[in-house]
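First comes the structure, then the notes that go with it.
No value in this document is a laboratory result; all are computed from the given coordinates. Remember, predicted model here, so these are calculated numbers, not experimental data. Cβ atoms come from the backbone with ideal geometry, glycine included; neighbour counts cover every protein chain shown.
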Amino acid sequence: MTGKKIDNSKNASGKSASVKHDVPQSTGGAAQTEYANYPDYTSYPEFADPIARPRYTGLATFLRAPYTTDLSDVDIGIVGVPFDGGVTNRPGSRHGPREVRNQSSLLRLHNQATGVSPHSLCRVADIGDAWVPSPFELEASHACIEEYFQRINAAGVIPLAIGGDHSISLPILRALTDDVPLAMVHIDAHCDTGDDYMGSKFHHGAPFRRAVEEGLLDPKRVIQIGIRGSVNDLDVWKFSHDSGMRVIYMEDLHKRGVEDVLAEVHRVVADYPCYISFDIDSLDPVYAPGTGTPEIGGLSTLQAQLLLRGLAGLNTVGADLVEVAPPFDHAGLTAMAGANLMFELLCVLALNQAAKSQLVAPTTE
Ligand SMILES: [Mn+2]
């Protein structure tokens, strides 16, 4: 898959791709003189022009996109979900959104490999965090997350969520699924279709079992990629297999290669409305040590980039990237990988959204 013939001069709404974010005027004096030649210094010019100011300055929004709470002016909303009350072992991904925001200031405007310029195709904004007012109550927190994403969905905004542990995908799916169960591309070291654990049905090892039981996912349109690691029960992912999900173990991906697996992704998902869920623990711990349940023998960052780029042409309705746990990270490696893969997700969401608006041709081949 390669992006080609992309008209970046328009976006999915046909309107300007720029979402302005006003900041207070300078109080004058030296600062005013210093910035006198800036044509637009009351907004954040780095969004439109990444070299207008150094990328390490300013507020660390996702990908330096403008922050807004006005969803009427947004096509794709990048949203943090700082909640990790569903982890079964090492916590910390509640700190994920903030660190991914920080590392994402490294990213630039254009995807060199595919030619996609997501900020030009769609109006992209950082729309803040899903507010979780009672983080010690798992199901109440999920209800709050669901309500937040219902507002996003009602506004016609495509969400790109940054977790948070993987339990957050369940309330997001509850908010996004209408009458028809969704298809899903799920990249992870674990199927996350486990059963109850220590008295809870809603931990981060079970969201997709619950989603099938609740009629949110069509298991025959679900493909899970990168599965591996030691288990306590060889039948731990029995639900995935019995329900008809396609499970691509890491060893299968290694043998078959990314392109062959992507062809199967497109066969399984076809043109059904599709959610993408990317767990950072799908990456090998050499690339992503900062996560709760690392498993060796995982994806390289390049394999993950190629997999995500290959999702162009799908009928995507949203995506998440979860389980970045900064307390276990080293030198920001995991958050940096997460930020780069968030950019790949944004590119594919923007391209697919623009294709739906018939601004660009779908790029599957
Ligand atoms: Mn997971």
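A few remarks follow.
- The calculated FRET efficiency for the pair Phe136 and Arg98, based on their C-beta separation and a Förster distance of 25 Å, comes to about 0.80.
- As a proxy for reagent exposure, Met245, Met342 were ordered by neighbouring Cβ count within 10 angstrom, fewest first; the result is Met245, Met342.
- Peptides 283-292, 82-91 ordered by average Cβ neighbours within 10 Å, highest first: 283-292, 82-91
- Ranking of Arg64, Arg246, Arg151 by neighbouring Cβ atoms within 10 Å, starting from the fewest: Arg151, Arg246, Arg64.
- Taken along the Cα-to-beta-carbon direction at a fixed 7 Å, the label points for Glu213 and Asp195 span 1.0 nm.
- Kirkwood hydrodynamic radius (C-alpha pairs) into Stokes-Einstein, segment 173-218, 37 °C and 0.692 mPa s, D in µm²/s: 295
- Since only Gln103, Ile296, Gly199 are under comparison, the one whose Cα sits farthest along the positive direction of the charge dipole of segment 71-356, derived from C-beta charges on Lys, Arg, Asp and Glu, is Gln103.
- Using a simple spin-label model with pseudo-atoms 7 Å out from Cα toward Cβ, Glu147 and Arg55 lie 3.8 nm apart.
- Three-way shape label, segment 71-356, alpha-carbon gyration tensor, a/c 1.5: rounded
- Magnitude of the charge dipole for segment 71-356, about its Cα centre and with charges confined to Cβ atoms of Lys, Arg (+1) and Asp, Glu (-1), is about 640 debye.
- In a reduced charge model with +1 at each Lys and Arg Cβ and -1 at each Asp and Glu Cβ, segment 63-209 shows a dipole moment near 500 debye about its Cα centre.
- Peptide ranges 161-167, 220-226 listed from the most packed, as the mean C-beta count within 10 angstrom indicates: 161-167, 220-226
- Computed over segment 130-259, the convex hull of the alpha-carbon atoms projects to a mean area of 8.9 nm².
- Here's how it looks for Thr114: its modeled amide H is under 5 Å from none belonging to a residue 5 or more places away or on a different chain.
- Among 99-108, 321-330, sorting by the average number of other beta carbon atoms lying within 10 angstrom of each residue, highest first, gives 321-330, 99-108.
- If you take the Cα centroid of segment 208-245 and the Cα centroid of segment 105-122, the two points sit 33 Å apart.
- Residues in segment 178-212 reached by a label modelled at His241 [backbone nitrogen below 18 Å; 7 Å Cα→Cβ]: 189-195, 209
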